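**Student:** The structure's right below; bear with me while I get my questions together.
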Amino acid sequence: MSRSRSSLRRLVAAGGAAALALTLAGCGGGGGGGGGGSAGGLSGTLPGAGASSQEKAMNGWLAGFQEQHAGVKASYDPVGSGTGREQFLNGAVLFAGSDKAMSTDEVARAKQRCSGSEALELPVYISPIAIAYNLPGLSAQHLNLTPPTLAKIFNGDIKTWNDPAIAADNAGVQLPSTAIVPVNRSDNSGTTENFTEYLAKAAGGAWPHEPSEKWPLQGTQSGAQTSGVVQTLQGSEGTIAYLDASQVPKGMGTVAVEVGGEFVPYSPQAAAAVVDASPAAPDATDLRLTIDIARDTTQAGAYPVVLVSYEIACSTYDKAQDADNVKALLTYIASPEGQDRAADPSVAGSAPITDSLRQKVDAAINQISGKA
């Protein structure tokens, strides 16, 4: 893959319980294709699992895919990025969604899982990570927060909403003395990895932890998957949480983060600006189209608290039926129709990929094949 920057400038705006399986026309069990009808020439089961940030988009994608291929029983379990990747590497599912690129070890394991072939990592879901807070009376506006202030809030160093550091950037706002209750993911999460990476790179010494899928602090308020975070956020006044922007509940306020001396609220366009300024990851290939996000950018109008979520699949499957089904689903997801469907505010409100990125994604998808 070229190390040149991924051009995504033309993106447009258009998303503690048990995991919810998004299943269409039946449950897809196991990693292999079974019998079934042959609408559209395809049949069998197509199970996937992974990032809960993709849940709404994937629901829309599977619905659109089902319209074209009624003979395939496709499903997606939003168990979180880490669990989804593990299920893929263990052969329990045919594809995974992940808000984090695979590690060096996972890339090696994926080659074993994929019959000796390289795995695909396709950046087809791009969305801001919103920082949402529960303060009745302040939900209709964006509170301004600098990266160091955000880091101190989530590290537990700033404890009340009327702290001088918050007040300094929100002149004229009547801030309550309510206690701040940071909320994090309790499960291994690519959203957590993206958020802690932003804090580590943009907040300097105010965030003393390394980026990680696992939240680095103990004894915090938390929730499993995005749904659990939403429940905890809504559960009491004073909470603040990070979550995919498509799933911010009504009635919550959101943060505008400081970038280059200005405060930028989240939007698909602002997410596009930072992704557009980001180079390919050092170990990216023609199949693994991973991106090194510029978290500490000072570019005007950019919103660096963003996730680029990947679909992970094999380039070689043992069964031709599995290869055909995965290829068809990924082709639909990357298509203008699929991207526009997810971009619809009633679905996920994500940002469609550009034609230039789609060409690279389609070229990778076309490498998928089956042994028999």
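Just so it is clear, none of the values below were taken in a lab; they were calculated from the coordinates. Since this is a predicted model, take the numbers as computed values, not measurements. Here the Cβ is made from the backbone with ideal geometry for all residues, glycine too, and neighbour counts use every protein chain on show.
**Student:** Using the Karplus equation 6.51 cos²θ - 1.76 cosθ + 1.60 (θ = phi - 60°), what ³J(HN,Hα) coupling, rounded to whole Hz, does each residue of the range 143-155 give in order, writing x for Gly and Pro?
**Tutor:** Per residue, the Karplus-derived 3J(HN,Hα) values read 7, 8, 9, 7, x, x, 5, 4, 4, 5, 5, 6, 8 Hz.
**Student:** Could you tell me the center-to-center distance, by alpha carbons, between the range 298-350 and the range 73-114 in angstrom?
**Tutor:** 15 Å
**Student:** Would you please give the residues with an amide H less than 5 Å from that of Ala281, counting only those at least 5 places away or on a separate chain, with H modeled from the backbone geometry?
**Tutor:** Thr290, Ile291, Asp292
**Student:** With θ taken as phi - 60° and the coefficients 6.51, -1.76 and 1.60, list the Karplus ³J(HN,Hα) couplings across the range 341-354 in order, rounded to whole Hz; mark glycine and proline as x.
**Tutor:** Going residue by residue, I get 5, 5, 6, 4, x, 6, 9, 9, x, 7, 9, x, 6, 7 Hz, with x marking Gly and Pro.
**Student:** Please list, ordered by chain and number, the residues whose modelled amide H lies under 5 Å from the amide H of Cys314; skip anything fewer than 5 residues away on the same chain.
**Tutor:** The answer is Leu120.
**Student:** A further question follows. Sort out for me the Cα centre separation of the range 144-193 from the range 201-254, rounded to whole Å.
**Tutor:** Distance between centres, Cα-based: 10 Å.
**Student:** For Lys201, go through the lysines and keep the ones whose alpha-carbon is under 21 Å away, minus same-chain ones fewer than eight residues off.
**Tutor:** Leaving aside lysines fewer than 8 places away in the same chain, those within reach of Lys201 are Lys100, Lys152, Lys214.
**Student:** Okay, moving on. Taking 0.36 nm per residue of sequence separation and subtracting the Cα-Cα distance, how much length would be gained by fully extending the chain between Gln141 and Lys319, in nm to one decimal? Walk me through the intermediate numbers first.
**Tutor:** Details: separation 178, 0.36 × 178 = 64.08 nm, distance 5.25 nm.
Extending this stretch completely gives an extra 58.8 nm.
**Student:** Right, something else. Can you check what the net charge comes to around Thr146, using other residues whose Cβ is under 12 Å from the Cβ of Thr146 (Lys, Arg +1; Asp, Glu -1)? Don't jump to the answer; show the numbers that get you there.
**Tutor:** Working: positive: Lys152; negative: Asp169, Glu258, Glu262.
Spelling it out: positives minus negatives among the neighbours equals -2.
**Student:** Please compute the modelled spin-label separation between Ala363 and Lys250, points set 7 Å along Cα→Cβ, answer in nm with one decimal.
**Tutor:** Reported label-point gap for Lys250 and Ala363 is 4.5 nm.
**Student:** Note down the magnitude of the dipole of the chain about its Cα centre, charges +1 on Lys and Arg C-beta and -1 on Asp and Glu C-beta and zero elsewhere, to the nearest 20 debye. Each step should come with its number before you reach the end.
**Tutor:** Details: 25 positive and 35 negative charges, 61 e Å.
Dipole of the chain, to the nearest 20 debye: 300 debye.
**Student:** Let me ask you something else. The range 235-323: D in µm²/s via Stokes-Einstein (Kirkwood Rh, Cα pairs, 10 °C, 1.306 mPa s)?
**Tutor:** Diffusion coefficient, whole number: 101 µm²/s.
**Student:** Select from Pro208, Val248, Ile312 the residue farthest towards the positive end of the dipole of the chain; place +1 on Cβ of Lys and Arg, -1 on Cβ of Asp and Glu, and compute about the Cα centre.
**Tutor:** Ile312
**Student:** Computed FRET efficiency, Cβ-Cβ of Gln174 and Leu217, R0 35 Å: what is it to the nearest 0.05? Before the final figure, lay out each step's value.
**Tutor:** Values: r = 30 Å, r/R0 = 0.85.
So, using R0 = 35 Å, E works out to roughly 0.75.
**Student:** Per DSSP H run of at least 4 residues, take -39500 (n - 2.57); add these up for the chain, divide by its residues and hand me the 222 nm value, nearest 500 deg cm²/dmol.
**Tutor:** -9000 deg cm²/dmol
**Student:** Which shape class applies to the chain: rounded if a/c is under 1.5, otherwise prolate when a/b exceeds b/c and oblate if not, where a ≥ b ≥ c are the square roots of the Cα gyration tensor eigenvalues? Write down the numbers at each step before the final one.
**Tutor:** On the way: a/c = 1.98, a/b = 1.75, b/c = 1.13.
Note, shape of the chain comes out prolate.
**Student:** Report, ordered by chain and residue number, the lysines lying within cross-link reach of Lys371, taken as a straight Cα distance under 23 Å and ignoring same-chain residues fewer than 8 apart.
**Tutor:** The qualifying lysines are Lys73, Lys111, Lys319, Lys327.
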